[in-house]
Amino acid sequence: QVQLVESGGGLVQAGGSLRLSCAASGRTFNDVDVGWFRQAPGKEREFVAAINRGGGRTEYADSVKGRFTTFRDNAKHTVDLQMNSLKPEDTAVYYCAARDKASVVLTTGFLYWGQGTQVTISS
């Protein structure tokens with residue numbers, strides 16, 4: 001089992017930045033890959049970014065490439081999502097998720113989920 005808690009959401013103007021953090025506990029943090037997902041009102045949840053357990057490989061959705069960066073600190077058991085050049089269409093509830101089964105595909109297979117944090121971008 002992995003317990004995940006997100007923080008750092010809020011309201012910012014378009015063009016601004018936010019940094020989300022995901023704190024993990026319960027399982028050896030080095031044994032899990034971590035992903036970020038988001039769900040906007042009336043839409044399905046979508047993949048945003050992910051980082052593998054060693055931190056050496058990342059994956060991003062096309063819609064956030066070049067604007068978002070995810071990185072992890074295994075000593076602190078945290079994964080952050082730095083979001084720059086934010087757009088109104090980035091408005092959503094953001095979730096971090098973890099999986100313990102390794103795979104070359106980083107976008108699926110996440111079993112453990114946080115409660116989510118709201119990100120709102122005003123135009």
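The values are calculated or read from the model by the stated rules, or taken from the named source; none is laboratory data. These figures come from a predicted structure and were not determined experimentally. Here the Cβ positions follow ideal geometry from the backbone for every residue, glycine too, while neighbour counts run over all protein chains shown. Accessible surface is based on the protein model in full, side chains and every heavy atom, while ligands, DNA and RNA are left aside. Shrake-Rupley method; radii C 1.70, N 1.55, O 1.52, S 1.80 Å.
Do you know which residues across region 66-84 are loosely packed, with under 14 Cβ neighbours inside 10 Å and either among the β-branched types (Val, Ile, Thr) or within 13 Å of the chain's Cα centre (by Cα) (or both)? Please lay out each step first, then the result.
Of region 66-84, the ones loosely packed, with under 14 Cβ neighbours inside 10 Å are 66, 71, 73, 75-76.
If the condition is that a residue be loosely packed, with under 14 Cβ neighbours inside 10 Å and either among the β-branched types (Val, Ile, Thr) or within 13 Å of the chain's Cα centre (by Cα) (or both), then PHE71 is the only one that fits.
Check region 24-41 and report whether any residue there is modelled with pLDDT under 95, of a type in the set (Gly, Ala, Ser) and open to solvent by less than 60 Å² (accessible area, probe 1.4 Å). Yes: region 24-41 contains one or more residues that are modelled with pLDDT under 95, of a type in the set (Gly, Ala, Ser) and open to solvent by less than 60 Å² (accessible area, probe 1.4 Å).
Just checking, does region 4-17 include any residue being in contact with an Asp or Glu (Cβ under 6 Å, 6 or more places away or on another chain) and closer than 19 Å to TYR112 by Cα?
At the first step, the residues of region 4-17 found to be in contact with an Asp or Glu (Cβ under 6 Å, 6 or more places away or on another chain) are none.
There is no residue in region 4-17 that is in contact with an Asp or Glu (Cβ under 6 Å, 6 or more places away or on another chain) and closer than 19 Å to TYR112 by Cα.
Here the condition is being of a type in the set (A, V, I, L, M) and modelled with pLDDT under 95; of VAL105, VAL93, it holds for VAL105 alone. When ARG19, ARG57 are checked against the criterion of being under 14 Å from GLY8 (Cα atoms), open to solvent by 50 Å² or more (accessible area, probe 1.4 Å), of a type in the set (D, E, K, R) and modelled with pLDDT of 95 or more, a single residue qualifies: ARG19. In region 100-114, the residues that are more than 12 Å from ALA50 (Cβ to Cβ) and open to solvent by less than 50 Å² (accessible area, probe 1.4 Å) form Cβ pairs under 7 Å with partners that are acidic (Asp, Glu) and outside any strand (DSSP E or B), at six or more places apart or across chains, as follows: ASP100/ASP31.
Tell me, which residue of region 42-54 that is among the basic types (Lys, Arg) and under 13 Å from ASP90 (Cα atoms) is surrounded by the fewest Cβ atoms within 10 Å (Cβ to Cβ)? If you could, list the steps in order and put the result at the bottom.
Here is the first cut: in region 42-54, the ones among the basic types (Lys, Arg) are 43, 45, 53.
Restricting the remaining residues to those that are under 13 Å from ASP90 (Cα atoms) gives 43, 45.
Values: LYS43: 9, ARG45: 15.
Only one residue fits best here, namely LYS43.
For the condition in contact with a helix residue (DSSP H, G or I) (Cβ under 6 Å, 6 or more places away or on another chain), closer than 16 Å to GLY16 by Cα, of a type in the set (Ser, Thr, Tyr) and touching a residue at least 60 places away in the same chain (Cβ under 8 Å), what is the one hit in SER123, SER85? The unique qualifying residue is SER123. Taken over region 10-61, residues that are in a loop (DSSP other than H, G, I, E, B) and under 21 Å from ALA98 (Cα atoms) amount to 14.
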